[in-house]
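Sending over a structure as structure tokens; questions will come in a sec.
The values are calculated or read from the model by the stated rules, or taken from the named source; none is laboratory data. Fair warning: this is a prediction, and the values are worked out from it, not measured in the lab. Here the Cβ positions follow ideal geometry from the backbone for every residue, glycine too, while neighbour counts run over all protein chains shown. Only protein heavy atoms, including side chains, enter the accessible area calculation; ligands, DNA and RNA are left aside. Shrake-Rupley method; radii C 1.70, N 1.55, O 1.52, S 1.80 Å.
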Amino acid sequence: MTSTQNNKLLGLGLISGGLDSLLASQIIKLQNIEVVGLNFKSPFCTCDKAYKNSDCGLNLYHEKLGIKTFFLQKEDDYLEIVRNPKFGYGKNINPCIDCRIYILKKAKVFAKKINADFIFTGEVLNQRPKSQNLKALKIVEEESGLTGKLLRPLSALLLKPTIYEEQGLIDRSRLLGIRGRSRSIQLELARKYNLLNEYFACGGCLLTDASFSSRMVDYLLYNKNPKMDDMTYLKYGRHFRYKNSKIIVGRNEVENKILLQIKGPHDFVLQAKDVVGPTTIVQGPANDEIIQFAAKLTLSYSDLKESQGTVVYSNSKSNSSNLIVVKKENKELFKVHIL
Ligand code: SF4
């Protein structure tokens, strides 16, 4: 057992920025244990939408509890887990049990680096039917190599004691026995400790989104070495798969600009001529037939009233060229639309 300079126990908390991990940290701190936070970043996190100015609520940890937080990225190896999770998917392509195992394995290495004495999470028994039931919590603990060593302060009284509780290093009587989806107890406690007044949901994940999942399935099918960097463009535009090529059509001005910024060096860019319309990019092998198809898509989503018009296309190796094409029928678009 190691300890901090003040001879305090040091706990490493996995924190999402949500209410549960905030409260779990407070419960641990109340035992005069020092806490350091660890947050995992990934392109799948949608928290920023809800917490534009608060970095996903993570500032609360520092402001309210004085907790220093470290950040780690989920890396390319995470995508192999998304492709083939040992414990299956949730409703969409979210591999929640494997995802927990992945981050806990990384947290274990990190804990060693900073000499943390134990790891804890804000998990609550039965809060999520598939990934947080008793069996799932046990699997996560075992598979991450933390059997008997993973503390869940919010539900500890409903779980087998950890070795730290058994050794008397952590006072089990001051841990909680919360279960289920309702956050009423957590909110009551958060108010009591003056942590916050309103419930806030955090930890939104694109892998639980049906539309993003379809894009992800398609991406993994066509990419043997998936890269986290590629996840950015899966977030924007309408996606079409045509003859092994991916065609992405911007849905608005913001997306058009983003697509131009993130396009690869070999991607073709298409825009309808003299009319407001989308920016389209073509990824992967592109022959005349594919460019023709992408041009028709581009015209179909433009403001052009007539059915026939001109589309300009180019890539970094070629000068701009014009193509005169006819718009696609809706039913033809659906056949190749990924979502
Ligand atoms: S919702 Fe997403 S981030 Fe959360 S456990 Fe599941 S896969 Fe991981």
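Per residue, what volume in Å³ does the Cα convex hull of the stretch 228-330 take up?
Cα-based convex hull of the stretch 228-330, divided per residue, equals 98 Å³.
Can you give me the long-range amide H partners of ILE119? Hydrogens built in the peptide plane at 1.01 Å from N, cutoff under 5 Å, separation of 5 or more residues or another chain.
Residues meeting the criterion, in which the H sits 1.01 Å from N, are LEU12, LEU151.
Once both labels are modelled 7 Å past Cα along the beta-carbon direction, what's the VAL109-LYS41 spacing in nm?
Taking the two extended label points, one gets 1.8 nm.
Residue by residue through the stretch 16-28, which ³J(HN,Hα) values in whole Hz follow from phi under the Karplus form 6.51 cos²θ - 1.76 cosθ + 1.60 (θ = phi - 60°), with glycine and proline marked x?
Values, residue by residue: 9, x, x, 4, 5, 6, 5, 5, 4, 5, 5, 4, 5 Hz.
Which of the lysines could be linked to LYS192 by a straight reach, that is with a Cα gap under 23 Å, when you skip same-chain ones fewer than 8 residues away?
Excluding near neighbours in sequence, the set is LYS29, LYS64, LYS68.
Binning every alpha carbon pair distance of the stretch 95-210 at 10 Å from zero, what are the percents per bin?
Percent of Cα pairs in each bin: 12, 40, 38, 10, 0.
Next question, about the same structure. Tell me the per residue accessible area of the stretch 227-339 using a 1.4 Å probe; a whole number in Å² is fine. Mind dumping the intermediate values first?
Details: 6070 Å² over 113 residues.
About 54 Å² of surface per residue is accessible.
Continuing with this model, one more query. Can you pull the percent of Cα pairs in the stretch 208-252 with separation above 18 Å? Before the final figure, lay out the partial values.
Values: 235 of 990 pairs.
When every Cα pair of the stretch 208-252 is considered, 24 percent fall beyond 18 Å.
Follow-up question, since we're still on this one. Would you mind calculating the gained length between LYS135 and THR310 on full extension (0.36 nm times residue separation, minus the Cα-Cα distance), in nm to one decimal?
Values: separation 175, 0.36 × 175 = 63.00 nm, distance 5.94 nm.
Working it through step by step, the gained length comes to 57.1 nm.
Along the three principal axes, how long is the chain when you take its alpha carbons, biggest first, rounded to the nearest angstrom?
Reported extents, whole Å, longest axis first: 77, 37, 36.
Can you compute the label reach from LYS192? Point 7 Å from Cα along the Cβ direction, backbone N cut-off under 12 Å, restricted to the stretch 11-47.
Inside the label zone: 27.
Extending each Cα 7 Å along its Cβ direction at PHE71 and ASP303, get the distance between those two points in nm, one decimal.
Taking the two extended label points, one gets 3.8 nm.
Residues with amide H under 5 Å of ILE67's amide H, sequence separation 5 or more or different chain, H placed in the peptide plane at 1.01 Å from N; which?
Amide H neighbours of ILE67, under 5 Å, 5+ apart: HIS62.
Which of LYS41, LYS29, LYS305 moves most in a GNM of the chain, Cα contacts under 10 Å?
Result: LYS305 has the largest fluctuation of those listed.
How many nm separate the modelled label positions at LYS64 and ILE262, each set 7 Å beyond the Cα in the direction of the Cβ?
According to this spin-label approximation, the distance is 3.2 nm.
Oh, and also: I'd like the Karplus ³J(HN,Hα) series for the stretch 272-288: coefficients 6.51, -1.76, 1.60, θ = phi - 60°, whole numbers in Hz, and an x wherever there's a Gly or Pro.
Going residue by residue, I get 5, 8, 6, 8, 5, x, x, 8, 10, 10, 10, 10, x, x, 10, 9, 4 Hz, with x marking Gly and Pro.
Ignoring ligands, DNA and RNA, what percent of the accessible area of the chain is carbon or sulfur (1.4 Å)? The partial results should precede the final answer.
Details: 8400 of 17110 Å².
Whole-percent figure for carbon plus sulfur exposure: 49.
Next question, about the same structure. Length gain on complete extension for the stretch SER182 to ASP288, per 0.36 nm per residue less the alpha carbon to alpha carbon distance?
So the extension gain works out to 32.5 nm.
Excluding ligands, DNA and RNA, what is the solvent-accessible area per residue of the stretch 16-173 at a probe of 1.4 Å, expressed in Å²?
I get 46 Å² per residue for the stretch 16-173.
While we're looking at this one, here's another question. Per residue and in Å³, how big is the convex hull formed by the alpha-carbon atoms of the stretch 143-280? All intermediate terms of the calculation are to be shown ahead of the outcome.
Working: hull volume 28.8 nm³, N = 138.
Value for the stretch 143-280: 209 Å³ per residue.
Let me ask something else. Run the helix sum for the chain: -39,500 (n - 2.57) per DSSP H stretch of 4+ residues, divided by residue count, reported at 222 nm to the nearest 500 deg cm²/dmol. Can you show the working numbers first?
Values: 13 runs with 117 residues, N = 339.
-9500 deg cm²/dmol, from helical runs alone.
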